[in-house]
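Just below is one structure, and these are the notes that go with it.
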Amino acid sequence: MSLEREVDVVVVGAGFSGLYMLHKLRQQNLDVVVFERGDGVGGTWFWNRYPGARCDVESQDYSYSFSPELEQEWEWTERYPAQPEILNYLNHVADRFDLRRSIELETEVTKAAFDDGANQWLVTTDRGESIKAKYVVMATGCLSNGRVPDFDGMDTFGGEIYHTGSWPQEGVDFTGKRVGVIGTGSSGIQAIPEIAKQAEQLTVFQRTPGFSVPARNAPIDPEFLKEVKANYPQRREFARRSATGLPFNGGTETAMEATDEQRKATYESLWGEGGFRIGAAYADLIVNKDSNDTLAAFIHSKIDEAVDDPRTAEKLKPRDYPVSTKRICVDTDYYATYNRPNVSLVDVRQSPIVGFDERGLKTQDAEYEFDVVVFATGFDAMTGALLGPDITGANGLSLREHWHAGPRTYLGLSTVGFPNMFIVAGPGSPSVLTNMVSAIEQHVEWISDHLAHLEDRGLQRSEALSEAEDGWVAQVNGIAESTLFNTANSWYLGANVPGKPRIFMPYAGGFGAYRETCDAVAADGYRGFVLS
Ligand code: NAP
């Protein structure tokens, strides 16, 4: 079937980014279609339904700020929202703003090609449809391309296999089952305590331990929520100007300025509060290894307190990268889970997984039989979903070629040679280092203002300049080099995907400063773009 349709904008993805992008562009009277591969809206929160899936940003802040009515009417129930609650929220948003009529579900964009003469994109979907659009907005998410390592013999395994990032909608019953979990990043650390409660036996295969802090999740105090709602404009404004897109600032003192007692008191207090604020306790934690070591030692001491078996505690202590250079995990009872008699931990650095057979998996030293294996092995982050479809820009250049040595963008929003294509929360923007919803709103608003600027002036084409992109890439790299980020084998650097270029992908200069740059670029007639 081949239907030739024409719209103003194709938006790819119906998560937080795509939904708001659609709403914004519709308000500008643009004809928009959203393609979404899932059979529902929600993006990340549609796919990541594993037990324990919960956001690590607090509910009242992990929400849209664009509609005061929405802010007032939605009632969050817990300090940190669980996946079903966020998915309900996004479904409510889709209904409330009448978005569904422009969203085509179970439709994957496979190809997008720019027609240089017509200044138009031709977008092809897996339904065999081709559609012309003046603009394409990639709202495909930073962590949407799940990665399952290619172990020998996996296809011979007779049990069930799941990845946390594409969990079955009907859920998985672990009761009475022997379960293996591979991976101990944020997803594994959330899923492990929940699976342990059900499974007969749980074996966790850990390659790199995570630094994890307690969430201290609880029902939201209605009085607190009332106060938040009364002060939402100020709270949001603060977040928009802050380094992280959250309504608080990190510590301004350096860890080295504080005494041992002061540091301990500060860390204890933030550990007691819960959440990842402890990672911003001092201004220099992400730039000074000695300072960072003080926090690492504190978290090690908490692991010792929580875990009964000293050998297991030792295995759980991250030793080879600084705190926060891999995303801090936020958990509920993660470390204490290893005190359960039905849970054991295998260090696959010491004894690597060699492969699967029908009954389970083998490491160098042992064999394990399982009914279910859960891969909590992460994502081809930030670029995976952008390089999935075959995208070719002006002069037939493919995005995969343009980014062969790593992603290159101007402001994380646009890339040279791909006119009229914009990325929400793309590589080179603060995205994953901030509150994603704040980052998404800022990008969506910048893109819609930009399209309004083009439309109002009858302009046909917007394209980033090479020197602007070169300058931005250098700036993003330079900022990362001034921090400890490059010292960890993290997904921020693509280090979790064999063969992926090792480039620190997010902009680490702070969300507030980034917003100012984007605003200044716009105020300066979109400096760094050629508009024609
Ligand atoms: P991840 O942080 O990349 O963790 C993947 C884990 O799998 C790591 O422990 C990794 O070990 C391990 N692994 C990968 N390949 C392996 C292999 N071949 N053999 C053994 N182990 C292997 O992925 P994630 O946990 O899904 O989290 C990704 C990001 O999503 C987070 O950093 C966070 O930004 C977001 N997230 C957030 C929340 C939340 O809001 N609470 C929850 C889940 C996810 P290595 O470290 O050695 O590579």
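The values are calculated or read from the model by the stated rules, or taken from the named source; none is laboratory data. Keep in mind the model is a prediction, meaning the values are calculated, not measured. Quick reminder, even Gly has a Cβ in these numbers, built from the backbone with ideal geometry, and neighbours come from all protein chains shown. Please note that ligands, DNA and RNA were not included when accessible areas were found on the heavy atoms of the full protein model with its side chains. Shrake-Rupley method; radii C 1.70, N 1.55, O 1.52, S 1.80 Å.
Relative contact order for the stretch 315-385 using alpha-carbon pairs under 8 Å, separation at least 6, rounded to a whole percent?
With pairs under 8 Å counted, the relative contact order is 14 percent.
Can you pull out the GluC sites (Glu not before Pro) in the stretch 1-89 that DSSP calls coil and that have at most 15 other Cβ atoms within 10 Å?
Passing both the DSSP loop test and the Cβ count: GLU75.
Along the Cα-to-Cβ line of ASN231, 7 Å from the Cα, sits a label point; which residues in the stretch 240-272 have backbone N less than 20 Å from it?
Correct set: 240-252, 270.
Note the angle between two axes, namely the Cα long axis of helix 289-306 and the longest principal axis of the Cα atoms of the chain, as a number of degrees from 0 to 90, rounded to the nearest 10.
Between helix and principal axis, roughly 50 degrees.
Please enumerate, by chain and number, the aspartates and glutamates with C-alpha under 15 Å from the C-alpha of LYS315, excluding those fewer than 8 residues away in the same chain.
Within the straight-line cut-off, LYS315 pairs with ASP304, GLU305, ASP347.
Suppose every Lys and Arg Cβ carries +1 and every Asp and Glu Cβ carries -1, with no other charges. What dipole size does the chain come out with about its Cα centre, to the nearest 20 debye?
My answer is approximately 420 debye.
Considering the zone a paramagnetic label at GLN364 would reach in this model (a point 7 Å from Cα along the Cα-to-Cβ line), which residues of the stretch 206-244 have amide N under 17 Å from it?
206-209
Would you mind calculating the relative contact order of the chain from Cα pairs under 8 angstrom and at least 6 residues apart, reporting the percent as a whole number?
19
Can you work out ³J(HN,Hα) from phi for every residue in the stretch 230-245, in order, using Karplus 6.51 cos²θ - 1.76 cosθ + 1.60 and θ = phi - 60°, giving whole Hz and x for Gly and Pro?
Ordered by residue, 3J(HN,Hα) equals 5, 10, 4, x, 5, 4, 5, 5, 4, 4, 5, 9, 7, 5, 10, x Hz.
Helix-only estimate, please: 222 nm mean residue ellipticity of the chain, summing -39500 (n - 2.57) across DSSP H runs of length 4 or more and dividing by its residues, to the nearest 500. Working shown, then result.
Working: 16 runs with 168 residues, N = 532.
-9500 deg cm²/dmol, from helical runs alone.
Please report the carbon-and-sulfur percent of the accessible area for the stretch 79-165; probe 1.4 Å, protein heavy atoms only, DNA, RNA and ligands left out. Could the numbers behind the result be given before it?
On the way: 1620 of 3660 Å².
Carbon and sulfur together cover 44 percent of it.
When the chain is fully extended, how far beyond the present Cα-Cα distance does ASN339 get from ASP95, taking 0.36 nm per residue of separation?
83.4 nm
For the stretch 452-521, run through the trypsin sites (Lys or Arg not before Pro) and keep only the ones in DSSP coil with at most 14 other Cβ atoms within 10 Å of their Cβ.
In loop regions of the stretch 452-521 (DSSP not H, G, I, E or B), the sparsely surrounded trypsin sites (Lys or Arg not before Pro) are ARG457, ARG502.
Restricting to bridges with both residues inside the chain, how much of the DSSP beta-bridge set is antiparallel, in percent to the nearest 5?
35
For the stretch 469-475, just list the computed ³J(HN,Hα) in residue order, Karplus coefficients 6.51, -1.76 and 1.60, θ = phi - 60°, integers in Hz, with x standing in for Gly and Pro.
5, 4, x, 5, 4, 5, 5
How large, in percent, is the carbon and sulfur part of the accessible surface of the stretch 171-236 at a probe radius of 1.4 Å? Write out the running numbers ahead of the final one.
Details: 1360 of 2730 Å².
C and S fraction of accessible area: 50 percent.
Go through the stretch 103-177 and name the GluC sites (Glu not before Pro) that are in a DSSP coil and have 11 or fewer other Cβ atoms within 10 Å of their Cβ.
Sites meeting the loop and neighbour criteria: GLU170.
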